[in-house]
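This report refers to the structure that appears directly beneath it.
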Amino acid sequence: MSPGDAADGRSAAAGAPTVAVVGGGQLARMMAEPAAALGIPLRLLAEAPGVSAAQVIPDHDVGDYTDLATLQALVAGCRVVTFDHEHVPTGHLHVLEEEGIAVRPGPGALVHAQDKLVMRAALAALGAPVPRFRAVSDAEEVADFGLPCVLKTSRGGYDGKGVWFVGTPEECAPAFDAAAATGSRILAEERVDFRRELSALVARSPSGQAAAYPVVESVQRDGICHEVVAPAPSLSDGLATQAQELALRIARELDVTGILAVELFETVDDRILVNELAMRPHNTGHWTQDGAVTSQFENHLRAVLDLPLGSPVARAPWTVMVNILGGPSDSGGLLYDGYPHALARDPRLRVHLYGKAPRPGRKVGHVNAYGDDLQECLERARHAAAWFAGELGDESE
């Protein structure tokens, strides 16, 4: 227990319950700003010294989130624990619940974001629209399922990792080798003929209050989210409403607490299919920091504490988020060096850096641009992100 905490898990200074956060990445880092504004103390379990969230959350320890004793020490004196990622062992979370800690989202919900086979089976049972899928154990079963298809590890994949597009039985070997090495299973899915990817983000509290953000379009390259447009351009009212209602129903039926991101395919025949679930603040919701009345990070904290949720309404007709990725070399220099140009060129630009050293393909920050004209917002955000990534020279001014 930290010196400022009372025995009931409240901060003696702010009178608010302390929220334990597992995981020291940028999502935890971005919870710190609304937590400070609300007077909510955070206690962090970081994976290593100096990681993104540890730079801004003073009350932190470094430890292994797969160790039960470490988790028990983290939550001592806290009222609730939440997450920067979905990788904490489910069994450990059940133990914390049995010891009286509010785990949000709970392990019964979180397992659907941890295991893709569990997720697919649950969504199918709910009647949610999903791609055709099957658990497979060898290349022969993949061929029986139907080629070409997509193979995914049931656990641990993210940002394009743990995903293989295969067209022949011989191309399946790397997927099964990876599964054997990690103790995971392999999920085969149909290759969906889709027009674009969408995301429906909702917040839900333990008391059942829920809020749905505008449905957004996300642009993925090599499995990594590059940009998000809010709201999704030219999305019909019918599909937008269907996506929001689907996300709200999934959150309710799976008993999700906090933010739920439902990543979707918009098919060429005007349907939506659920691709992935994330039960935490999500890259496709970063636009809400500057483009919505209440950000996803603030609503996640409100939800896990069962406080009334904030409005998810957009502040401007358009908001564009573009991720800043590390380039092929260190030619971009220090990210801070990008500020003079980017901020002078666009005083309305909002920049969010994660305190991470750039390396190829690594998410090191993002920019948000909002306004009345979509093309202008796209140009502003793309230019700034490219500048910070070192992809533009002085001649681009």
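So here's what we get for this one:
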{"quantity": "Within region 67-154, strands (runs of 3 or more DSSP E) holding 3 or more residues that are touching a residue at least 12 places away in the same chain (Cβ under 8 Å) and under 30 Å from residue 167 (Cα atoms)", "calculated": "133-136, 149-153"}
{"quantity": "Selected residue [in contact with a strand residue (DSSP E or B) (Cβ under 9 Å, 6 or more places away or on another chain) and surrounded by 14 or more Cβ atoms within 10 Å (Cβ to Cβ)] from 245, 227, 253", "calculated": "227"}
{"quantity": "Tally, over region 371-397, of residues that are touching a residue at least 12 places away in the same chain (Cβ under 8 Å), of a type in the set (Gly, Ala, Ser) and surrounded by fewer than 19 Cβ atoms within 10 Å (Cβ to Cβ)", "calculated": "2"}
{"quantity": "Scan of region 144-162 for residues that are surrounded by fewer than 16 Cβ atoms within 10 Å (Cβ to Cβ) and either within 21 Å of residue 222 (Cβ to Cβ) or in contact with a Pro (Cβ under 6 Å, 6 or more places away or on another chain) (or both), ordered by number", "calculated": "148, 158, 159, 160, 161"}
{"quantity": "Index of the failed condition, residue 199 passing every other in (1) closer than 30 Å to residue 233 by Cα; (2) more than 18 Å from the chain's Cα centre (by Cα)", "calculated": "(2)"}
{"quantity": "Qualifying positions in region 360-375 - over 16 Å from residue 315 (Cβ atoms), in contact with a strand residue (DSSP E or B) (Cβ under 8 Å, 6 or more places away or on another chain) and either assigned to a helix (DSSP H, G or I) or among the charged types (D, E, K, R) (or both)", "calculated": "362, 363"}
{"quantity": "Residues (more than 16 Å from residue 205 (Cα to Cα), polar (S, T, N, Q) and either in contact with a Phe, Trp or Tyr (Cβ under 6 Å, 6 or more places away or on another chain) or in a loop (DSSP other than H, G, I, E, B) (or both)) located in region 231-268", "calculated": "234, 236, 267"}
{"quantity": "Residue satisfying condition, being surrounded by fewer than 24 Cβ atoms within 10 Å (Cβ to Cβ), under 24 Å from residue 162 (Cα atoms) and not assigned by TED's automatic domain parsing to the domain that holds residue 33, within set 268, 274, 262", "calculated": "274"}
{"quantity": "Some residue of region 158-165 being hydrophobic (A, V, I, L, M, F, W, C) and under 26 Å from residue 19 (Cβ atoms)", "calculated": "no"}
{"quantity": "Elements of type strands (runs of 3 or more DSSP E) contained in region 169-221, each with 1 or more residues being surrounded by fewer than 21 Cβ atoms within 10 Å (Cβ to Cβ) and basic (Lys, Arg)", "calculated": "194-204, 216-221"}
{"quantity": "One residue from 128, 54, 76 being more than 27 Å from residue 182 (Cα to Cα) and under 19 Å from the mean Cα position of the chain (by Cα)", "calculated": "54"}
{"quantity": "Residue pairs meeting the criteria (Cβ under 6 Å; at least 6 apart or on separate chains; first among the hydroxyl-bearing types (Ser, Thr, Tyr), in region 351-370; second surrounded by 20 or more Cβ atoms within 10 Å (Cβ to Cβ) and part of a strand (DSSP E or B))", "calculated": "354/364; 354/365; 370/319"}
{"quantity": "Scan of region 288-303 for residues that are more than 16 Å from the chain's Cα centre (by Cα) and not small (Gly, Ala, Ser), ordered by number", "calculated": "290, 293, 294, 302"}
{"quantity": "Answer residue from region 263-312, given it is in contact with a Lys or Arg (Cβ under 9 Å, 6 or more places away or on another chain) and among the polar types (S, T, N, Q) and is farthest from residue 363 (Cα to Cα) among those", "calculated": "267"}
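The values are calculated or read from the model by the stated rules, or taken from the named source; none is laboratory data. What you are looking at is a predicted structure, and each value in this text was computed from that prediction instead of being measured. Neighbour counts run over all protein chains shown; Cβ positions are idealised from the backbone, glycine included.
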